[in-house]
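Just below is one structure, and these are the notes that go with it.
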There are 4 protein chains.
Amino acid sequence: MPSSLPTFQIGIVGFTGYSGAEAIKILSRHPNCEPVLLEHRADSDPSKILRKSSIRRAPATPEGIESAGIHAVLLATAPEVSMDLAPKFLNAGAIVIDLSGAFRLQTPDRYKHWYKEEHTAPGLFAQAVYGLPEYNRDQIRNARLISNPGCYPTAANLAIRPLVAAGIVDPKAGIVCDAKSGVSGAGRKASLKTSFCEVTENFSAYSILRHRHIPEVLQTSGIEESAFSFTAQLIPIERGILESIYFRTARQATAADILAIYQRQYANEPFVRLYEAGHVPDLHAVQHTNFCDIGLAADPITGRAVVISAIDNLVKGAAGQAIQNLNLTLGLPETAGLL
Amino acid sequence: MPSSLPTFQIGIVGFTGYSGAEAIKILSRHPNCEPVLLEHRADSDPSKILRKSSIRRAPATPEGIESAGIHAVLLATAPEVSMDLAPKFLNAGAIVIDLSGAFRLQTPDRYKHWYKEEHTAPGLFAQAVYGLPEYNRDQIRNARLISNPGCYPTAANLAIRPLVAAGIVDPKAGIVCDAKSGVSGAGRKASLKTSFCEVTENFSAYSILRHRHIPEVLQTSGIEESAFSFTAQLIPIERGILESIYFRTARQATAADILAIYQRQYANEPFVRLYEAGHVPDLHAVQHTNFCDIGLAADPITGRAVVISAIDNLVKGAAGQAIQNLNLTLGLPETAGLL
Amino acid sequence: MPSSLPTFQIGIVGFTGYSGAEAIKILSRHPNCEPVLLEHRADSDPSKILRKSSIRRAPATPEGIESAGIHAVLLATAPEVSMDLAPKFLNAGAIVIDLSGAFRLQTPDRYKHWYKEEHTAPGLFAQAVYGLPEYNRDQIRNARLISNPGCYPTAANLAIRPLVAAGIVDPKAGIVCDAKSGVSGAGRKASLKTSFCEVTENFSAYSILRHRHIPEVLQTSGIEESAFSFTAQLIPIERGILESIYFRTARQATAADILAIYQRQYANEPFVRLYEAGHVPDLHAVQHTNFCDIGLAADPITGRAVVISAIDNLVKGAAGQAIQNLNLTLGLPETAGLL
Amino acid sequence: MPSSLPTFQIGIVGFTGYSGAEAIKILSRHPNCEPVLLEHRADSDPSKILRKSSIRRAPATPEGIESAGIHAVLLATAPEVSMDLAPKFLNAGAIVIDLSGAFRLQTPDRYKHWYKEEHTAPGLFAQAVYGLPEYNRDQIRNARLISNPGCYPTAANLAIRPLVAAGIVDPKAGIVCDAKSGVSGAGRKASLKTSFCEVTENFSAYSILRHRHIPEVLQTSGIEESAFSFTAQLIPIERGILESIYFRTARQATAADILAIYQRQYANEPFVRLYEAGHVPDLHAVQHTNFCDIGLAADPITGRAVVISAIDNLVKGAAGQAIQNLNLTLGLPETAGLL
């Protein structure tokens, strides 16, 4: 890494949550960025270690980020907090990367439909860029408000969009996306549903056909809602998303044929890894990395195909992708701090 | 339970395995049966408790079961052991319930195709009855050799067969069965793949489109192989199978309409439980029980439907169903020892 | 079980908690008892299974238990609820078995010292009997208010009391009790500390030298507080307590010598199991059982001794022991419903 | 890091094991070192990712390491393999850091006593340096054969040695070390004992009073074997060691007094972190780091004291400490690649 690159100050709101903490961890190793904890409400520090960390702190206010010289802010917050803070921080001159769902959909109406609440910053939709670098790289480079994709949609879109674009999916059968996530995807909070005894030695499905991440897959991959069946499920692990994606081929195709579609699309992508035909990733392959791993099996005679897409929901599905986006907006190497 | 019913002696081969141990646990509480441990090869007792269990033991030989007065034998063994022991024990006068895959398929050729080895007891196929009581109850009552269904097929067939029979599945889209199992399904043995560190905080797919349990689903449910996509996956838990089954309805149907199909089929079944429309089971609901729980969600406008079917792989998926079958062959109440 | 024994109606308050649910499970299989759910505040039923359970319900009031014909009530509640309900139910004629800490210590002052709050039913201390059957069996038989022991103290007292009584513990070195518990010991509630992501792949110590279960061990085992070091620790599992108990022998003693002390004490105890010298229990041996398993190792030359004591915190450490006590007060066989 | 430092080639034997894989991960991020996989027997690469890693490979032979220009070799192997390879690699001019137990004890006789087998390279004892940098830093800097400490002893010695040296431990009561480890400590191999279903939802003690790591604690901390009670226990997690260490103070001492002993000892240590008096670490605090975290509670009136020491068994307990030692021998900053 050339040492002439400047050091950027990156603020994090929501640093006690899982995504926020992951962002701090990545930024602490980043050659060109330094994290600054932006204190919002009761983000107290539970650590009792005597020699304390030297990470800087500032209030999560426009004044706070100005006086701390913050170049960009990561909002690892709930949508309602993001809708409140994003306009203020943009006005204060910072680039904003929002990890919530506040700006992922294309209109305030769609937001209201899927999130069941009014959008309180509708004026920002025009400038928000959907931060999936593999498809929006150029727009991200010039954006000042980046909406970081949801965890499930990241794994789904990277696997599905090339298939739809290549016309290999039989639309009559549609696409089934059976998605499984570790528990950190639910955020860091007290909740009976995510308490240890309810989750351990269990496996459960939720939000069948109506998860709020569905519209992100529709708008990015090009699949129709009527042709897309999505189920979210909870694995008793901390982190990781694995999605089993089923479709029927529109024309005869071997696993190698389908793999070739991905190879053409992702030949130069630093964070998408493909597997030999017939082999698929598991979660250990991607945990604590910013990779999306994709593998597949197919039966050319009957046209059945299964793609497995795996990410770490806190890295490529949240903080890692946010920093990939950050690198792009700051003109840094896209992989800085992420390999 | 009327006290006039006799006590039957039930032998178990493979009692150190997970299914065998589960069978002993159930039989130890059974009002009309007593377990007898049939010692085969090195089934040693690792317990160091001073006051030892009083369960009887006998050699796993024809002479052993005769002298021990065994009425029925559960074979919780690998297929090759079952093919060896089943004919001997049948000749010795015992009813045999085989928990392996040796006699589940309909011909030796199909066995060879899916299990990749010659069948060494082809003469027994004619008398083997597939032990899924919800569909074969009368045949089971009169059978002397019962082939206990596989764990994945039990959850799949109970969910899929009524749908196929009702003509509600659009054959062009087919059925996707995304199946997840706890690790005990792999049996009790030293293996790197099922070692703790490889499994914990992981989730992995295997045998995509070619799992040997697929033909059991085809022959029982009536779905065509070309229309059936099946993936097996490993959950980092001890026990339980949850299958997410996707199809598109052949005609407009609400969740309540599909639920009504199940209600008609399973109104009097003691071990199938249905959930209110829109609600689905998790694994905690079925672990350590002989129930198969079924729930579903559907979108009548687009025809997308998702059924969740859950069992305990060691109970309804193995030892529990074996004892349900045993009760039927012995003329006992079907639920004896199982509620 | 002689069929002439009557069926007793047993009320449970707090049936949505882990101990309460365990009590219902045990009572549902009990040959002489039937559970009745006593509804207190918001004990809602989350199950969406269509064919509902037939367990009776009644309000958790004196009128409720009278009209439901309740013989005995299990209070699986917080101490403050137990202090409120116990006197009312006793007045209504029911036997009360309290699973909270409200009546475990010997005086209201000790309660205030360890539980940091005033006792609101001090008049009941005189009649409360500490429900550890292995030591208080006769008093329990005649009690109307039984204080069910804490989970940690049950495993500790059964291991430590015979050692102290036999004079085998060197008082200068004292006793170390390093205790580990599954997460269900913390109760069923929303809490960040017991949320899945905080607990999984973790291990943590808490309440070192000041856990409120300590005085129960002191008063029952006879060890002095100054000679007793106790640490509670959280294992990332659902259930089970394992305590590693260290002492130095006051006189030369082999493992067999120490084991003989336990054998004399527990020869006829149905729920204490001992292990061959040098062998110790793990948690799988006791989960879902009412057993306390004890094993030990010792070095006669240096006088070091280690005892391992294991129970299921929800069974012998809570609901199972409560029903063992219930059986005693109702004149039923002590093991009814528990083997 | 000054860019003028050279890049060292570091060979790893046993790179498919957990410690070896951890070493590769750390070295891949190290600013001055590059890993080279030394292939020994069947270290096959299971990865099916198309774009393969670019890590160099060489045979695990003297010729292999010479032609690959290896400066130092990490032996993440069993003792018998280390005894075979260490002399060969030393002769070939490489520095050897051995992660096995082959050279940790002070004489071949002690090795035979605790490891139950003959030592086959007794001539190397004279030059082997015990690689605990906090105590042997200067010797390590000049060593060519470093014996990397065991995982349990690392956590134990860092906690116990300052106490013994300060004379704060009452020798009559001795020290109890109740140690718990994640399953990766048992190595990567097929074994029923460490299979998922045997370990999950379990907790078990093993090698009570006779674990082969005990002599490492005795020789480094200065505690007598007769005064040291050690139990190893298995936590159902992947990685991490937490040790609860009990002693009675030889003179009146508060938690702050004991903490001050540690503060004096470890004021300038980069990898030992202390906690405020009364607070203790959990495993999440140390996983994936090279820190040893130490916290404690004490009761000055009765003299009871409890110290909690926590490390990641694969990092400070194995690969991380090996690279800390490597840095010292190569003249690199001690923390390079480790923060």
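Quick note: the coordinates plus some simple rules give every number you see, no bench work behind them. Since we're looking at a predicted model, the values are computed, not measured. A quick note on method: Cβ atoms are made from the backbone with ideal geometry, for glycine too, and the neighbour counts reach across all protein chains shown.
Structure values in brief
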{"item": "Inter-chain shielding of A:203-216 (mean C-beta neighbours from other protein chains, 10 Å cut-off)", "result": "5"}
{"item": "Size of charge dipole - the stretch A:96-153 - debye, nearest 20, with Cβ of Lys, Arg +1 and Asp, Glu -1, no other charges", "result": "60"}
{"item": "7 Å along Cα→Cβ, label-point gaps from C:His113 to other copies, nm, shortest first", "result": "4.6, 6.7, 7.8"}
{"item": "Mean separation of Cα contacts under 8 Å (6+ apart) over length of the stretch B:270-320, as relative contact order %", "result": "36"}
{"item": "Nearest-first distances (nm) between copies at C:Ile55, label 7 Å from Cα via Cβ", "result": "2.8, 4.5, 5.2"}
{"item": "Shielding by other protein chains, A:245-255, mean Cβ within 10 Å", "result": "2"}
{"item": "Candidates B:Lys316, B:Lys112, B:Lys48: whichever shows maximal mean-square fluctuation once chain B is modelled as a Gaussian network with Cα springs under 10 Å", "result": "B:Lys48"}
{"item": "Loop-resident sites, the stretch B:208-302, for trypsin sites (Lys or Arg not before Pro), counting at most 11 other Cβ within 10 Å (DSSP)", "result": "B:Arg251"}
{"item": "Tail weight of P(r) past 25 Å, computed on alpha-carbon pairs of the stretch A:151-313, percent", "result": "29"}
{"item": "Net +/- balance of residues flanking B:Ile208 in space, Cβ distance below 10 Å, scoring K and R +1, D and E -1", "result": "+1"}
{"item": "Candidates per trypsin sites (Lys or Arg not before Pro) in the stretch D:5-41, loop by DSSP, up to 15 other Cβ within 10 Å", "result": "D:Arg41"}
{"item": "Counting all C-alpha pairs of the protein assembly as shown, share separated by more than 51 Å (%)", "result": "32"}
{"item": "Most mobile of D:Leu209, D:Leu38, D:Leu158 in a GNM of chain D (Cα contacts under 10 Å)", "result": "D:Leu209"}
{"item": "C:Glu224/C:Asp84 FRET efficiency (R0 45 Å; Cβ-Cβ; nearest 0.05)", "result": "0.85"}
{"item": "Cα-centre dipole for the stretch C:151-313 with unit charges at Cβ (Lys and Arg positive, Asp and Glu negative), debye to 20", "result": "320"}
{"item": "Dipole of the stretch D:126-268, positive end: most advanced residue of D:Thr200, D:Leu145, D:Ile258 [Cβ charges, Cα centre]", "result": "D:Leu145"}
{"item": "Once exposed loop GluC sites (Glu not before Pro) are cut out (DSSP; at most 11 other Cβ, 10 Å), longest piece of chain B", "result": "B:119-339"}
{"item": "Ascending list, in nanometres, of distances separating the C:Ile301 label from those of the other copies (7 Å, Cα toward Cβ)", "result": "4.1, 7.1, 8.1"}
{"item": "GNM flexibility winner over chain B from B:Cys197, B:Cys292, B:Cys151 (Cα, springs under 10 Å)", "result": "B:Cys197"}
{"item": "Charge-dipole axis of chain B as Lys and Arg at +1 and Asp and Glu at -1 on Cβ define it, positive-most pick from B:Gly64, B:Ala21, B:Ala277", "result": "B:Gly64"}
{"item": "The stretch A:151-313: relative contact order as a whole-number percent, Cα under 8 Å and 6+ apart", "result": "30"}
{"item": "Cβ-placed point charges (K, R +1; D, E -1), dipole of the stretch C:219-329 about Cα centre in debye, nearest 20", "result": "160"}
{"item": "Computed lengthening from B:Lys25 to B:Gln263, 0.36 nm per intervening residue step minus Cα-Cα distance", "result": "82.5 nm"}
{"item": "Dimensionless Rg ratio for the stretch D:255-339, taking C-alpha atoms and the 2.2 N^0.38 Å reference", "result": "1.22"}
{"item": "Rel. contact order, % - alpha carbon contacts under 8 angstrom, at least six apart, chain D", "result": "17"}
{"item": "Across B:Lys48/D:Lys193; B:Lys180/C:Lys48; A:Lys180/C:Lys180, pairs whose alpha-carbon gap is larger than 25 Å", "result": "A:Lys180/C:Lys180"}
{"item": "Radius 9 Å from Cβ of C:His284, net charge of other residues (Lys, Arg +1; Asp, Glu -1)", "result": "-3"}
{"item": "Positive minus negative residues near D:Pro122 (Lys, Arg vs Asp, Glu; Cβ under 15 Å)", "result": "-3"}
{"item": "Straight-distance crosslink candidates among aspartates and glutamates, where the alpha carbon sits under 19 Å from C:Lys172 and sequence neighbours closer than 8 are dropped", "result": "C:Glu224, C:Glu225, C:Asp299, D:Asp170, D:Glu224, D:Glu225, D:Asp299"}
{"item": "Per-residue average of Cβ from other chains inside 10 Å of B:293-302", "result": "3"}
{"item": "Value of [θ]222 nm, deg cm²/dmol, for chain A, DSSP H segments ≥ 4, -39500 (n - 2.57) each, nearest 500", "result": "-8500 deg cm²/dmol"}
{"item": "Ratio Rg/Rh, restricted to chain D and using Cα atoms, in which Rh is the Kirkwood radius", "result": "0.97"}
